[in-house]
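Notes follow the structure.
The values are calculated or read from the model by the stated rules, or taken from the named source; none is laboratory data. Just so you know, these numbers come straight off a predicted model, no measurement behind them. Cβ placement follows ideal geometry from the backbone for every residue including glycine, while neighbour counts extend to all protein chains displayed. Remember, those area values only see protein heavy atoms, side chains included, never the ligands or the DNA or RNA. Shrake-Rupley method; radii C 1.70, N 1.55, O 1.52, S 1.80 Å.
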Amino acid sequence: MNKRNLLIRLIKKNDMSFVIELLQSISKYKPSKSEYTKIWNKFKNQKNIHAIVAITNNKIVGYGSIVIETKIRGGKMGHIEDIVSHKDFRKSGVGRAILDKLFVLAKKKGCYKVALQCKKHNISFYKKCKYKVNAITMQRLI
């Protein structure tokens, strides 16, 4: 894919159903379509979350977001979430372009670092995008 044909922009409400379909490849959770407007309104009212889509030929082919956290000492940290690209566009630079755009956004927002969680099989991709393994992530599901 020619990167000049790739547009990255902030997500819009009309993108929601396409993004949810993309996210099905990394998580099986799928909200009911009847909930989309309610979910969108709650999502957009969070001023510390910035979500973007990657588009080529008028088709959404990628998505990612960053949560900007203000720490107790005043510094800001970015948490990258939900990086996904359409299966037909993997290994074509979409994921990296999304990560680069989110990193630039974090710098503009004054973040001192950006972190993300990933599955073991994705480590090599993130290393190619200049991220380093730095800690162990643990979780407790509710």
Considering Lys119, Lys130, Lys108, Lys101, which residue is under 17 Å from Ile26 (Cβ atoms), among the charged types (D, E, K, R) and open to solvent by 80 Å² or more (accessible area, probe 1.4 Å)?
Lys119
Return yes or no: is Ile49 open to solvent by less than 30 Å² (accessible area, probe 1.4 Å), more than 18 Å from Leu7 (Cα to Cα) and among the hydrophobic types (A, V, I, L, M, F, W, C)?
no
Look through the range 74-98, keep the residues that are in a helix (DSSP H, G or I) and β-branched (Val, Ile, Thr), and return whichever of them is surrounded by the fewest Cβ atoms within 10 Å (Cβ to Cβ).
Val94
Could you go through the range 53-62 and let me know if any residue there is over 14 Å from Leu6 (Cβ atoms) and hydrophobic (A, V, I, L, M, F, W, C).
no
Meets criteria (outside any helix (DSSP H, G or I), within 24 Å of Lys108 (Cα to Cα) and β-branched (Val, Ile, Thr)) for Ile26
no
Going through the range 1-26 in order, the residues found to be loosely packed, with under 11 Cβ neighbours inside 10 Å and without any contact (Cβ under 8 Å) to a residue 24 or more places away in the chain are Asn2, Arg4, Asn14
So for the range 66-73 (the condition being open to solvent by less than 80 Å² (accessible area, probe 1.4 Å), assigned to a loop (DSSP other than H, G, I, E, B) and on the phi > 0 side of the Ramachandran plot), does at least one residue qualify?
no
